[in-house]
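Taking it in order: structure first as structure tokens, then the write-up.
The values are calculated or read from the model by the stated rules, or taken from the named source; none is laboratory data. Note that the structure is predicted; figures quoted are calculated from it, not measured. Glycine also receives a Cβ, built like all others from the backbone with ideal geometry; neighbour counts cover every protein chain displayed. Quick note on the areas: whole protein, heavy atoms, side chains included, nothing else; ligands and nucleic acids left out. Shrake-Rupley method; radii C 1.70, N 1.55, O 1.52, S 1.80 Å.
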Amino acid sequence: MNESNPIDDDENLEGDEELDEDEDVDFDDDDDDDDDQDDDLDDDDDGQVEAAQETQHSDRRRRGRSRRRERSIEPPDEQSRRALEFVDEVIENMQLRCAVHLREPKDPDSRDIRLEVTGQDAARIIGKRGQVLGALQFLANRALNRPGEERRYVTVDAEGYRSRRDNSLAAMAKRLGKQAVNDGKIITFEPMPPRDRRLVHLALAKFDGVITKSEGEGEDRRVQIIPVRRSGA
């Protein structure tokens, strides 16, 4: 059965002809430092600790100035309002010093609902490797999409973490796509959640010389980047 639900959209992008050599790739999240930015520093050198903390504070202030340039919007429909209220209620029940904002979709034609959490405790919403943020997004989608209503995909970000990570994953997928073409070998990622697989598929959808598809079941499902020989090449 093909996966067509946008929440778990992991549709294979079909192509012409597959080659048969295989190489495994482990996606090492480039933004781990963002996950752990509020962890205690263990360095015994007080001067180095203070310098590191000041650098973190400076980075957060700089990112904060950039974020303020992105406008919050009022909910344009009932589903957007419910999604915003649900995440806001979860944040309030967690007693975190954060605010939840509704943002404009990055694609003007998209019906996705884009939320962002900001504030002093936003790092706690991200969690280790984005696990808390991912769980919050999952719950928001389950709470929003009721039987008989239009299915809408909710994305929940925190202090720009997801955007930076998405950009990093897409850039890596394109680098590996080029490597697959140059080496003539299939490149296989380590198992990924549905959202990350979808990002890889989308990043390479128009990448010349490769197709992508998913293999495996459940938590072992992974993306393959497959070089192809185009007709007439």
* To do: Report, ordered by the first and then the second residue, all pairs with beta carbons closer than 9 Å, sequence separation of six or more or different chains, a first member in the stretch 179-204 that is farther than 12 Å from Ile225 by Cβ and without any contact (Cβ under 8 Å) to a residue 60 or more places away in the chain, and a second member that is of a type in the set (A, V, I, L, M, F, W, C) and open to solvent by 60 Å² or more (accessible area, probe 1.4 Å).
  => none
* Structure fact -> Among (1) assigned to a helix (DSSP H, G or I); (2) open to solvent by 80 Å² or more (accessible area, probe 1.4 Å), Arg229 falls short only on (1)
* Do we have Ser168 as in a helix (DSSP H, G or I) and in contact (Cβ under 8 Å) with a residue 12 or more places away in the chain here? -> yes
* Asked: Given the conditions (1) of a type in the set (Asp, Glu); (2) part of a strand (DSSP E or B); (3) surrounded by fewer than 21 Cβ atoms within 10 Å (Cβ to Cβ), and given that Asp157 satisfies all but one, which numbered condition is not satisfied?
  -> (3)
* Filter pass, Lys206 being exposed (fewer than 15 other Cβ atoms within 10 Å of the Cβ) and not in a helix (DSSP H, G or I) -> yes
* To do: Tell me, yes or no, whether the stretch 167-180 has at least one residue that is in contact with a Pro (Cβ under 9 Å, 6 or more places away or on another chain) and at positive phi.
  => no
* Of all residues in the stretch 160-190 being touching a helix residue (DSSP H, G or I) at 6+ places or on another chain (Cβ under 9 Å) and open to solvent by 50 Å² or more (accessible area, probe 1.4 Å), the one that is farthest from Pro105 (Cα to Cα) -> Lys185
* Structure fact -> Subset of the stretch 97-131, residues farther than 18 Å from Pro75 by Cα, open to solvent by 20 Å² or more (accessible area, probe 1.4 Å) and in contact with a strand residue (DSSP E or B) (Cβ under 9 Å, 6 or more places away or on another chain), comes to Arg97, Cys98, Gly119, Gln120, Arg124
* Asked: Within the stretch 140-152, is there a residue that is free of Cβ contacts under 8 Å to residues at least 40 places away in the same chain and at positive phi?
  -> yes
* Output yes when any residue across the stretch 116-129 is farther than 19 Å from Tyr161 by Cβ, of a type outside the set (Gly, Ala, Ser) and assigned to a loop (DSSP other than H, G, I, E, B), and no when none is. => no
